[in-house]
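The values are calculated or read from the model by the stated rules, or taken from the named source; none is laboratory data. These figures come from a predicted structure and were not determined experimentally. Positions of Cβ are generated from backbone atoms using ideal geometry, with glycine treated the same way; all protein chains shown enter the neighbour counts. These area figures cover heavy atoms from the full protein model, side chains too; ligands, DNA and RNA do not enter into them. Shrake-Rupley method; radii C 1.70, N 1.55, O 1.52, S 1.80 Å.
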Amino acid sequence: MRAGDRYAAQNRRARHDYLIEDTLEAGLVLQGSEVKVLRTGQASIAEAYADAQAGELFLVNANIPEYSAAKHFSHQPRRPRKLLLHRKQMDKLLGAIRREGVTIVPLSIYLNERGRAKVEVGL
């Protein structure tokens, strides 16, 4: 996270509850209404974690509430969201998940200086 970035959600308990070995920055695949909610800072990642599905990583159980102005074009609040990583980073994280007792937890979701949603994950 750099100086010009804004937090949309933080998981303050993660550093207390887990021993964080390594951190990585990943992109998120989001819908338009989800980005609007992140800009207002209403998201929650307290119970979220990353899980492998079909050789890719997904952010599971992150709560991004529905955007009221989106009406019937809104999103599902707790749907799995794909994490965007380089192949080398993905292989490293997938290998770590296969080890016993290792979990990938999101530490924060923020908007970078270009307005892109990023998630900082801890191993």
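In the condition set (1) touching a residue at least 40 places away in the same chain (Cβ under 8 Å); (2) assigned to a strand (DSSP E or B); (3) surrounded by 16 or more Cβ atoms within 10 Å (Cβ to Cβ), HIS75 is compliant with all but (2). If I filter segment 33-68 down to residues being touching a residue at least 40 places away in the same chain (Cβ under 8 Å) and among the small types (Gly, Ala, Ser), which single residue comes out as nearest to ILE109 (Cα to Cα)? Among residues in segment 33-68 that are touching a residue at least 40 places away in the same chain (Cβ under 8 Å) and among the small types (Gly, Ala, Ser), the one nearest to ILE109 (Cα to Cα) is ALA43.
Taking every residue in segment 10-30 that is of a type in the set (A, V, I, L, M) and pairing it with any residue that is in a helix (DSSP H, G or I), at least 6 positions away or on another chain, the pairs with Cβ-Cβ distances below 8 Å are ILE20/ALA14; LEU24/GLN89; LEU24/LEU93; ALA26/GLN89; LEU30/LEU38. Evaluating ARG13 against the criteria (1) open to solvent by less than 40 Å² (accessible area, probe 1.4 Å); (2) over 22 Å from MET90 (Cα atoms); (3) not in a loop (DSSP other than H, G, I, E, B) leaves one unmet condition, (1). In the set ARG87, ARG98, ARG116, only one residue is within 20 Å of GLN10 (Cβ to Cβ) and open to solvent by 80 Å² or more (accessible area, probe 1.4 Å); that residue is ARG116. Looking only at residues in segment 36-58 that are open to solvent by less than 80 Å² (accessible area, probe 1.4 Å) and among the β-branched types (Val, Ile, Thr), the one that is modelled with the lowest pLDDT is VAL37. Consider segment 59-72 and keep the residues that are over 14 Å from the mean Cα position of the chain (by Cα) and not aromatic (Phe, Trp, Tyr). The one that is surrounded by the fewest Cβ atoms within 10 Å (Cβ to Cβ) is HIS72.
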